[in-house]
Amino acid sequence: MGNRLIGYGSYLPERIVNNFDLEKMVDTSDEWIVQRTGMRERHFARDDESVVDMATIAAARALENAGITINDIDMVIVATTTPELDFPSVGVQVLGRLGATNNAPAFDVRGACTGYIYALHCARAFFTAGMHQRIMLIGAEKMSRFIDWSDRSTAVLFGDGAGALIFEHSSSSYSGIIDTVVMSDGGEFEMLHGTPDHHIIMNGPETYKKAVSLMPQAANYIMEHAGITADNVDWIVPHQANLRIIQSGAQRLGFPLEKILVTVDKHANTSGASGVLALSYAFDNNIIKRGQLVLYPAFGSGLTWGAALIRV
Ligand SMILES: CC(C)(COP(=O)(O)OP(=O)(O)OC[C@H]1O[C@@H](n2cnc3c(N)ncnc32)[C@H](O)[C@@H]1OP(=O)(O)O)[C@@H](O)C(=O)NCCC(=O)NCCS
């Protein structure tokens, strides 16, 4: 029992904030941000624009791309860490906004920046069990709501946005989500976490060290499990946290730079939306072609990390 990708969509808020804009908001410089992170700009949602608003637009675009309607979807899984409401889930709110009447189940996954890999893991399990026909996977975050403007080391790193992918049951096990692995280490949670008053606490250098070793670890696990090497993979789409982390991880895995998708310069770190948004961007700009094999490693607060292998 397998699955295949039948549609994608994304949404980025209209407001683009570049590094020079940030220079006016916090004690930083374009030069520092570009050198340490590779980021040049990010999108920030309006005050009245919610995670549900962004997720709904991305979902509607994915439905249009797939040529189906919301009632054709029989499960929605949303990766998000920044929902405005503790309940109900962003997933059910998106179904409500889109006018679903088929009573499909929906739930959110809180895996921080690895959230979309956790969501892919769940979707693969449901397809493998033959339990669902069409699953919509959404990654949506309003990270700007969590920015502590008195902490320049985290204030410059994040952006907002949403992406959606639709997978359909298929008899082929070599298309769609082929394999996934997800892991966590709660003993390291203090390294990177949110606070009750919605701020981000992060030990940057320690987080960096973990990211450059754990993302390749997960990617290697997936390649070994699938019996493939870097040569067989068309693209690596890493979690877009920092250009130096992306390049160092890819180097450890033996991937040439041409095979690495980079959107961190345009979107910054959009956490649980990052990989889904990046893939949509790559399709829209004809960078990744349908049918190619994509390796998808991610890392985030938790600590959580993991990877997926997807034939798109
Ligand atoms: C955050 C990060 C870019 C900082 O880079 P770094 O090279 O580790 O920098 P440090 O934290 O050691 O700080 C170096 C200096 O830059 C300064 N600095 C920090 N943020 C700054 C900013 N926005 N602008 C200018 N200077 C800044 C620090 O104060 C420090 O100055 P000092 O040497 O005078 O004390 C880097 O640690 C990183 O990317 N970590 C991983 C973050 C991440 O990806 N998190 C999400 C995971 S999902």
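The values are calculated or read from the model by the stated rules, or taken from the named source; none is laboratory data. Just so you know, these numbers come straight off a predicted model, no measurement behind them. Because the Cβ atoms are built from the backbone with ideal geometry, glycine has one as well, and the counts that use them run over all protein chains shown.
Among the residues of segment 166-222, write down those that are away from the ligand (no atom under 16 Å from the Cβ) and touching a Ser or Thr at 6+ places or on another chain (Cβ under 6 Å). Within segment 166-222, no residue meets the criteria.
Could you name every one of the helices (runs of 4 or more DSSP H) located completely within segment 188-305 that has at least 3 residues being of a type outside the set (Val, Ile, Thr) and touching a residue at least 60 places away in the same chain (Cβ under 8 Å)? Don't jump to the end; show me each part of the working.
Numbers: elements: 204-226, 243-253, 264-267, 274-284.
So the answer is 204-226, 264-267, 274-284.
Restricting to segment 282-306, and then to whatever is surrounded by 24 or more Cβ atoms within 10 Å (Cβ to Cβ) and more than 14 Å from the ligand (Cβ to nearest atom), can you tell me which residue is nearest to Pro238 (Cα to Cα)? By that ranking, first place goes to Tyr296. On the basis of being of a type in the set (D, E, K, R), within 15 Å of the ligand (Cβ to nearest atom) and in the same structural domain as Phe87 (by TED's automatic domain parsing), does Asp48 make the cut? So Asp48 fails the test. Among the residues of segment 127-161, just one is closer than 17 Å to Ser10 by Cα, of a type in the set (D, E, K, R) and within 13 Å of the ligand (Cβ to nearest atom), namely Glu141. In the set Asn65, Asn18, which member is in the same structural domain as Ala123 (by TED's automatic domain parsing), in contact with a strand residue (DSSP E or B) (Cβ under 6 Å, 6 or more places away or on another chain), surrounded by fewer than 21 Cβ atoms within 10 Å (Cβ to Cβ) and touching a residue at least 40 places away in the same chain (Cβ under 8 Å)? The match here is Asn65. Residues of segment 185-201 that are crowded, with 17+ Cβ neighbours inside 10 Å and within 19 Å of the chain's Cα centre (by Cα): Leu192, Ile200.
All told, Phe127 falls short of being over 26 Å from Ala307 (Cα atoms) and not aliphatic (A, V, I, L, M).
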